[in-house]
Amino acid sequence: MPAGQDLGFDALVRITAPALHRTALLLTGGDHHLAEDLMQGTYVKVWVAWKQVSRADDPVAYTRTVLTRTFLSHRRLRRSSERPTDELGLSESSASGDQDPVLRLDMLDALRRLTPKDRAVVVHRYWLDRSVTETATDLALSEAVVRTRSKRALARLRAQFTDLDLDPREDS
Amino acid sequence: MNLRDRIAQDLDRTDQVGPDIARLTAQARSRGKRLALLRRAAATGGTLVALTIGAVLVASPWNNPRAGTEGTVATDPATHATSPSPRPSSPVRAEDETGPATARGAAAALVSALSDVTDSPTSDYVGQGPRAELGDSDYYAQIRLEDDGGPANVEINVQFDGGFIGGCSETMDECRSARLPDGATITSYVLTGDKAPGDIRSVAELVRADGVRVVVAATNSITRPGVGTYVTRPEPSLTGDQIRSIALQEYWNEELPAVFLEAGKTLEPFRAAAS
């Protein structure tokens, strides 16, 4: 969205909510309630800082950054209860179904089992298609950390989704 | 299939409804306005301007800082029921920047929680903060609320000792207790004649799954320290739903949102409660 465009708060929400909702779902590992809370918290912050947001070069990007940082901030406060695991991300249905479980692996579940920061890196790099540099800026991390986390997260996903066709860029 | 397509495929399956944009917009405005007011109050000093309209009463009441904690609470399975937990909308959330609770911060948090359920003016802020030297994280706040029906106190007591059970006991009138989906138990009841003849206290007691106990009481009286409790109106100033909503706020933790701690620093007229 170009800078200086006369964009109201309602319009920003209307424009950004569908994509932000999907990003929030990914960041929260598919938890609809947490995703809704995250979006709500994001838009409250955007509303309060509206003067600043409306003057930003890209209000949509600004809003997306608020979303991610709100997510990471929220996770920091809950770190004591964080329990990342290496278990396979099988959906509930796969546990009792007759189909080959590999075919029913759920990517959202797999993302949920990454650490929050790794998940945020994956979401930014491979869902939002942000570069390493942009992701580093978005998440307030160094580029080296983004690369390290990205590699580690992809290795975990690869282990679970053997049919995943990864772009060479994704290992860089 | 590449990673992005795979994610999109799973999202398509999971996200078939999409966001409620009208609700998001309305709630962001509502919560944002109150958050902005709190921040402005914290920045400019003085009372929480938008939340403290109207007369400030002369009396500086002090009630029992452990109000609502007396008596043995026994669980009554017959009164338990599972019900949805409608968490109240608030300008701040537990995940916002926080700091160790203070007496003033607790009072400011109660002002904010009240502003979510009523437009009535508040005054005479009383608080008792955690006593770190005793390893005691509990805090208490009391505020005078005044509407057309007259002034009355509203109190909150947040306790972290653990071991609370929740539920109804024989001493509680009109008791209702429900188990919430998150494992908390919320109990609403009425105490009559507890402090003075005609005194009515409408109480909501939340015992959370993490062991924290939050007790909110709305009274039909005011209390002057060392003098007594005076009934000022026929009924408490808040309904059961309103006090339940206050108890269910997510920020009643050992750390309170920084915006409350800041606002509390300049909250007047404030009085620290005696231990």
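The values are calculated or read from the model by the stated rules, or taken from the named source; none is laboratory data. Small disclaimer: the values here were computed from a predicted structure and weren't measured. Every residue, glycine as well, gets a Cβ built from its backbone with ideal geometry; the counts of neighbours run over all protein chains shown.
Are there any strands (runs of 3 or more DSSP E) wholly within region B:189-275 with 1 or more residues that are surrounded by 23 or more Cβ atoms within 10 Å (Cβ to Cβ), and if so which?
B:200-207, B:213-219, B:221-224, B:255-257
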Among (1) of a type in the set (A, V, I, L, M); (2) more than 8 Å from chain B (Cβ to nearest Cβ); (3) crowded, with 22+ Cβ neighbours inside 10 Å; (4) touching a residue at least 60 places away in the same chain (Cβ under 8 Å) - the single one residue A:25 does not satisfy: (2)
Tally, over region B:32-53, of residues that are modelled with pLDDT under 80 and within 7 Å of chain A (Cβ to nearest Cβ): 2
Got a sec? Which of B:149, B:127 is out of contact with any strand residue (DSSP E or B) (no Cβ under 9 Å at 6 or more places or on another chain), surrounded by 15 or more Cβ atoms within 10 Å (Cβ to Cβ) and at pLDDT 85 or above? B:149
Of the residues A:94, A:80, only one is within 23 Å of residue A:41 (Cα to Cα), modelled with pLDDT under 85, part of a helix (DSSP H, G or I) and more than 9 Å from chain B (Cβ to nearest Cβ); which? A:80
Within region A:142-157, can you find the residues that are surrounded by fewer than 20 Cβ atoms within 10 Å (Cβ to Cβ) and either more than 14 Å from chain B (Cβ to nearest Cβ) or not in a helix (DSSP H, G or I) (or both)? A:142, A:143, A:144, A:145, A:147, A:148, A:152
Hey, residue A:30 hits all of (1) facing chain B (nearest Cβ under 9 Å); (2) assigned to a helix (DSSP H, G or I); (3) in contact (Cβ under 8 Å) with a residue 40 or more places away in the chain but one; which does it fall short on? (2)
Quickly run through region B:9-34 and pick out the residues that are of a type in the set (Lys, Arg) and closer than 18 Å to residue A:32 by Cβ. B:13, B:23
If residue B:141 passes every condition in (1) crowded, with 23+ Cβ neighbours inside 10 Å; (2) touching a residue at least 40 places away in the same chain (Cβ under 8 Å) but one, which one does it miss? (2)
Filter region B:9-31 for residues that are among the hydroxyl-bearing types (Ser, Thr, Tyr) and within 23 Å of residue A:12 (Cα to Cα); the one that is modelled with the highest pLDDT is B:25
